[in-house]
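The values are calculated or read from the model by the stated rules, or taken from the named source; none is laboratory data. The model shown is predicted, which means the values in this text are computed figures rather than measured ones. Glycine gets a Cβ as well: all are built from the backbone with ideal geometry, and neighbour counts include every protein chain shown. All accessible areas refer to the heavy atoms of the entire protein, side chains included, with ligands and DNA or RNA removed. Shrake-Rupley method; radii C 1.70, N 1.55, O 1.52, S 1.80 Å.
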Amino acid sequence: ITMVIAIPTGIKIFSWMATLWGGSIEFSPACLFALGFLITFTLGGITGFFLAAVPADLHEHGTYFVVGHIHYVLYGGSVFGIFSGLYYWWPKMTGRMMNERLGQWHAWITFVAFNCTFLPMHWLGLLGMPRRVAMYDPEFEFWNVVVSISSFFLAASTLLIMGNMLWSFKNGKKAGPNPWGARTLEWMISSP
């Protein structure tokens with residue numbers, strides 16, 4: 001039954017990629033986070049397929065592989081989307097633009113730190129590191145240190161968007177009614 005979810009999820013992913021196909025993509029922070037969402041959610045879905053296969057799940061169940069998978073799906077599938085939406089609709093909510101350069105730094109640092117935090121968890125799980133343990137075998141120490149350091153960078157990257165939001169309230173460029181040149185209804189009225 002778990003494998004069946006791959007069908008509608010695959011359709012959604014191909015639909016999102018088709019939306020990008022042939023478009024004039026500008027790598028704004030909103031777009032970078034949307035692409036980050038697409039990548040991390042897809043990777044999370046692929047690892048979920050392994051957990052649905054009984055032979056693989058016998059080894060991976062109860063390991064860090066599950067922890068890595070769930071973070072790719074939940075964090076990658078929600079927080080990246082939330083940040084994308086926040087950067088995109090910020091001009092609609094406030095009438096001001098966020099700092100583009102700071103937003104791009106935020107997107108790249110978040111994406112790299114996210115992958116450096118949660119990708120090694122898959123490797124640790126495949127090596128047999130169990131989850132929910134206070135002490136682990138010393139052979140897992142290196143990747144756990146990488147995960148810990150990366151998680152601090154991931155948490156610190158959130159300060160960038162907070163700073164960007166505070167900066168844009170006072171100093172942000174006036175957005176105008178449709179700063180993105182979008183054709184959807186919400187941009188047809190004045191901002192904010």
Checklist entry - Which residue, of 23, 77, is outside any helix (DSSP H, G or I) and either more than 27 Å from residue 160 (Cα to Cα) or at pLDDT 85 or above (or both)? => result 23
Checklist entry - Quick one: in segment 161-185, which of the residues that are open to solvent by 60 Å² or more (accessible area, probe 1.4 Å) and touching a Phe, Trp or Tyr at 6+ places or on another chain (Cβ under 9 Å) is farthest from residue 89 (Cα to Cα)? => result 177
Checklist entry - Got a sec? Which of 5, 13 is assigned to a helix (DSSP H, G or I), open to solvent by less than 80 Å² (accessible area, probe 1.4 Å) and aliphatic (A, V, I, L, M)? => result 13
Item to check | Residue match in segment 62-73 (condition: open to solvent by less than 30 Å² (accessible area, probe 1.4 Å), over 30 Å from residue 132 (Cα atoms), part of a helix (DSSP H, G or I) and out of contact with any strand residue (DSSP E or B) (no Cβ under 7 Å at 6 or more places or on another chain)) | outcome: no
Checklist entry - Among 102, 119, which is the only one that is in contact (Cβ under 8 Å) with a residue 24 or more places away in the chain, closer than 25 Å to residue 62 by Cα and surrounded by 14 or more Cβ atoms within 10 Å (Cβ to Cβ)? => result 119
